[in-house]
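The structure appears below as structure tokens.
The values are calculated or read from the model by the stated rules, or taken from the named source; none is laboratory data. No experiment lies behind these values; they were computed from the predicted model shown. When we count neighbours, we look across all protein chains shown, and the Cβ atoms used for this are built from the backbone with ideal geometry, even at glycine.
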Amino acid sequence: MFAMDFPVDGSREKAVEGRRAAEAERKARIFSTRSRVMGVDLSTLDQQVEERQLQRDAERQREKAFGHLRSSQDRAQLEQDREEQENLSAINSDLAQYWATHQRVEDSRDADLICYQQGASKFTIPEDELGPSSMQVFLGEDAEASQRRREQIVTTERELQAQKEDAETRRTKEKRIEDLVMKTLVHQDLRAVELEAQEEECRRAVRMALSNYNHALAAERTETLSEQHRKEEGQSLAEMGHMVTSDILTECPEAAERGQGRVLTDRWRGMTPQQLSAIYREREEQRLRRQKQQETERAREAAWDLEQMSLARRGEEVERKERELQRDRKIQLDQYNMRLAREQQAHQEYLDKKLYTNKPSGDYFNQFNTTSR
């Protein structure tokens with residue numbers, strides 16, 4: 001016999017592995033806590049996906065519209081810039097043409113100087129049109145230079161002499177002004193001395209007049225004080241005589257009753273025996289009335305105490321009866337609770353011993369939720 005290697009058929013194993021993978025995926029999907037607890041609303045999810053797609057399409061359309069708008073605005077801006085450049089070029093061309101036509105260098109007032117700086121070959125002026133101030137080039141030498149220098153020296157000496165005379169005249173005027181100022185100051189000083197002497201004389205006269213006035217016031221005040229002292233002495237003597245002869249020292253009892261319905265406190269010397277006896281009598285009557293009032297109050301309080309004691313006894317009786325009723329109700333409630341407890345215990349024993357005798361084990365609960373089918 002020859003050993004031959006036949007090809008192994010792996011389709012069966014592949015099918016088994018595929019089913020196992022599908023089962024594992026199904027278990028993961030079914031036993032997922034998120035899917036089991038929260039749930040998945042497919043219709044809502046599909047609606048959300050559709051809304052999201054519509055929103056993306058709307059955003060894409062809006063972006064496209066914005067792109068077209070930006071392109072059109074850019075083209076308009078470029079066109080506007082081009083027009084501005086063309087206008088600026090046209091304005092510059094017109095300005096250059098205006099300068100070349102109406103503001104030429106040859107037509108300016110300084111054309112000769114400008115042309116001389118730039119070169120005589122560029123611009124020339126006929127000699128017959130040049131004036132004395134336009135001469136720029138002299139032929140020959142300066143023959144009058146010495147004469148002109150002598151005249152300049154003479155002119156300079158004349159100007160210096162005039163300046164010296166002006167300075168001398170100015171110094172003379174300043175000297176005269178200083179003399180006048182000194183004389184004025186001396187005169188002012190003399191006038192000030194005279195005024196000060198006059199003021200001192202006036203102040204002396206004022207001081208003498210003020211001194212005389214003060215002496216007169218002092219004499220008048222002395223006389224006034226003497227007259228006031230004499231008047232006060234007379235009033236004191238009159239008051240002393242009145243006090244000696246008045247009712248305040250003689251202690252006349254009728255003096256206090258001359259006040260027309262009221263007592264003069266500064267002249268009152270105490271009550272009479274009749275007034276004292278009337279006061280004692282009135283006080284005794286008040287004491288008796290007070291004693292009767294106190295006895296009446298004590299009798300009323302005793303009656304009220306008796307009423308309170310009777311009310312307290314009745315209240316204690318009612319409380320005792322209420323406690324007895326509560327004790328009876330408590331005994332009945334305890335008996336009812338004991339009866340219920342016995343019934344519940346008997347029912348529990350029936351459930352434990354007769355009804356629920358076959359208790360499930362752990363294997364019974366472990367057999368559930370083991371596969372996805």
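With respect to Gly18, is the statement that it is in a helix (DSSP H, G or I), modelled with pLDDT under 90 and within 55 Å of the chain's Cα centre (by Cα) true?
Judged against the criteria, Gly18 is not a match.
Per-residue answers, yes or no, for (1) at pLDDT 90 or above; (2) of a type in the set (Val, Ile, Thr); (3) more than 30 Å from Phe31 (Cβ to Cβ); (4) assigned to a helix (DSSP H, G or I):
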site	(1), (2), (3), (4)
Glu297	yes, no, yes, yes
Arg323	yes, no, yes, yes
Asn337	yes, no, yes, yes
His347	yes, no, yes, yes
Lys353	no, no, yes, yes
Thr371	no, yes, no, no
Checklist entry - Is it true that Leu113 is aliphatic (A, V, I, L, M), at pLDDT below 80 and outside any helix (DSSP H, G or I)? => result no
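Go over the candidates Glu165, Glu251 one by one and state the one that is modelled with pLDDT under 85 and surrounded by 10 or more Cβ atoms within 10 Å (Cβ to Cβ).
Selected residue: Glu251, the only one of Glu165, Glu251 that is modelled with pLDDT under 85 and surrounded by 10 or more Cβ atoms within 10 Å (Cβ to Cβ).
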